[in-house]
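The values are calculated or read from the model by the stated rules, or taken from the named source; none is laboratory data. Just so you know, these numbers come straight off a predicted model, no measurement behind them. In this analysis, Cβ positions are derived from the backbone assuming ideal geometry, glycine residues included, and neighbour counts consider all displayed protein chains.
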Amino acid sequence: MGNVHNLSLVWLRRDLRLDDNVALSRATQESRHVALVFVFDTKILNALKSKSDMRVTFIHDTLVELDQELRQRGSRLIVLYGDPSVEVPKLVQDLNAQALYFNEDYEPYAKLRDAKVKKAVEALGVKATATKDHVVFSGSEVNKADGSPYKMFTPYKNAWLKKLRPNDYAKHEVKKNIFCPDKYLRKFAKLPTLDEMGFKPSRLLSGSVQAGRKSALTQLEDWTFNLKNYGRTRDFPSLVNGTSGLSVHLRFGTISIRECVRACAIKPNEGARVWLSELIWRDFYQMILDRFPHVAKSAFKPEYDKIKWRGSNAHFKAWCEGRTGFPIVDAGMRQLNETGWMHNRVRMITASFLVKDLLVDWKLGEKYFAEKLLDFELASNNGGWQWCASTGCDAQPYFRIF
């Protein structure tokens, strides 16, 4: 096994599962014992507008399931509340851990946070290892011949597919009997209730979405039966099983991107080919955010930051509340407000309507979706909005009204 750590700590974030988890797999291969921690990041929580945010409930419910699974294996989940750059290094010391493992996150805030944690942990003489898990290929792995990043999706997709090998989506095995015994972890923080964190439980109303790994696997299994029809059904919001319903599970890592790609490889039909293309869009937008972080605050094309938007606050408010008088737009916005979910086709319609018809700044719409979407992911949300607003890379023509 080579160099073996007596005890390693795995820091979970957007990878809330014990299976096919790269950081956890690596830790179990290189350690005698492994402990797991999740930190409720107060900087993120304090920025949320609603104390009934569905995402907090989703995470909390998932952690409850994860803790139960660990207890069945004789361990438990450590859950902390605070600043990860303080809490994680402190826990490393308290556990006397010899190594820290975590999966990479490509959002600007996360990259700064993770760098602080890594620096603090390594200052203690402890090895900190970040691994790729959230994407198939990271931002620097699919490049043009000259090493520069792609800015157009189709050439990126072709290069992505050319690079793909079975090993890229193979399962990362996690050893089962290596989790730190419960008796050594009891003195550390337990999972707080939502009330203790200042939040209220919310009902997860977005269709059949339920929190946790079990729900994710059930959803994926059900989806494989409908996958063959995806190319024909994906653009019809009225169809219950027209899309996978897995976006929130990919967002929080209750399912891995590799499991989704494997589903496409197992049944390589036309529907699987189209769905794989959508998964590649996800990698593409993660790459754009990683290589061009300015998009998080401004247009991909700087010249579009100079647009003087003529839309009114009244129009924006009506759009937010689903009171524009356009049925498909209003239905989509009301569904978003009530359930935290909206069909991708309707997301494009509502976004295009706000920008191209009401002439409201796309950044306002992007922010509103960020507050409401259960499956909110900065890269995909930003990429989608800039595509609709014609301000992003490989965006629709400015004159197109969706």
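For the range 297-348, give me each residue that is farther than 23 Å from Gly245 by Cα and among the aromatic types (Phe, Trp, Tyr). If the condition is that a residue be farther than 23 Å from Gly245 by Cα and among the aromatic types (Phe, Trp, Tyr), then Phe300, Tyr304, Trp309, Phe316, Trp319, Phe326 are the ones that fit. Which of the following residues is exposed (fewer than 15 other Cβ atoms within 10 Å of the Cβ) and more than 30 Å from Ala170 (Cβ to Cβ): Ala318, Ala296? Exactly one residue qualifies, and that residue is Ala296.
With respect to the stated conditions, Thr193 fails to be hydroxyl-bearing (Ser, Thr, Tyr) and not in a loop (DSSP other than H, G, I, E, B). Just name the residue that is surrounded by the most Cβ atoms within 10 Å (Cβ to Cβ) out of those in the range 245-269 that are more than 21 Å from Ala159 (Cβ to Cβ) and modelled with pLDDT under 95. For the range 245-269, the residue satisfying everything is Gly245.
Checking every residue in the range 79-95 against the condition of being over 16 Å from Ala120 (Cβ atoms) and crowded, with 18+ Cβ neighbours inside 10 Å gives at least one match. Within the range 151-158, is even one residue exposed (fewer than 13 other Cβ atoms within 10 Å of the Cβ) and among the β-branched types (Val, Ile, Thr)? Looking for residues that are exposed (fewer than 13 other Cβ atoms within 10 Å of the Cβ) and among the β-branched types (Val, Ile, Thr), one finds at least one in the range 151-158, hence yes. Of the residues Arg334, Arg251, Arg273, Arg323, the single one that is touching an Asp or Glu at 6+ places or on another chain (Cβ under 9 Å) and touching a residue at least 24 places away in the same chain (Cβ under 8 Å) is Arg251.
Yes or no, residue by residue, for (1) of a type in the set (Lys, Arg); (2) outside the structural domain of Val329 (by TED's automatic domain parsing); (3) within 19 Å of the chain's Cα centre (by Cα):
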| position | (1), (2), (3) |
| --- | --- |
| Ser202 | no, yes, no |
| Leu239 | no, yes, no |
| Leu246 | no, yes, yes |
| Lys267 | yes, yes, no |
| Arg273 | yes, yes, no |
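Considering only the range 221-237, state which residues are in a helix (DSSP H, G or I) and closer than 16 Å to Asn269 by Cβ. Give the derivation first.
Here is the first cut: in the range 221-237, the ones in a helix (DSSP H, G or I) are 221-233.
Across the range 221-237, the qualifying residues are Trp223, Thr224, Phe225, Asn226, Leu227, Lys228, Asn229, Tyr230, Gly231, Arg232, Thr233.
Quick one: in the range 155-167, of everything that is touching a residue at least 40 places away in the same chain (Cβ under 8 Å) and not hydrophobic (A, V, I, L, M, F, W, C), which residue is nearest to Asn103 (Cα to Cα)? Ranking the qualifying residues of the range 155-167, first place goes to Pro166. Scanning the range 92-123 for residues that are touching a helix residue (DSSP H, G or I) at 6+ places or on another chain (Cβ under 7 Å) and not hydrophobic (A, V, I, L, M, F, W, C), we see that the one that is nearest to Asp182 (Cα to Cα) is Tyr101. Across the range 207-228, not a single residue is classified as over 17 Å from Leu16 (Cβ atoms) and in contact with a His (Cβ under 8 Å, 6 or more places away or on another chain).
The set of residues in the range 162-193 being surrounded by 13 or more Cβ atoms within 10 Å (Cβ to Cβ), over 29 Å from Tyr81 (Cα atoms) and of a type in the set (A, V, I, L, M) consists of Leu164 alone. Scoring Gly139 on the criteria (1) surrounded by 15 or more Cβ atoms within 10 Å (Cβ to Cβ); (2) modelled with pLDDT of 95 or more; (3) not in a helix (DSSP H, G or I) leaves a single failure, condition (2). Between Asp19, Asp53, which is in the same structural domain as Arg113 (by TED's automatic domain parsing) and more than 20 Å from Lys176 (Cβ to Cβ)? Step by step, each of Asp19, Asp53 is checked, and only Asp53 is in the same structural domain as Arg113 (by TED's automatic domain parsing) and more than 20 Å from Lys176 (Cβ to Cβ). In the set Asp361, Asp330, only one residue is farther than 25 Å from Leu239 by Cα and either in contact with a Lys or Arg (Cβ under 7 Å, 6 or more places away or on another chain) or surrounded by fewer than 22 Cβ atoms within 10 Å (Cβ to Cβ) (or both); that residue is Asp361.
For the range 85-126, filtering for residues that are without any contact (Cβ under 8 Å) to a residue 40 or more places away in the chain and part of a loop (DSSP other than H, G, I, E, B) leaves 5.
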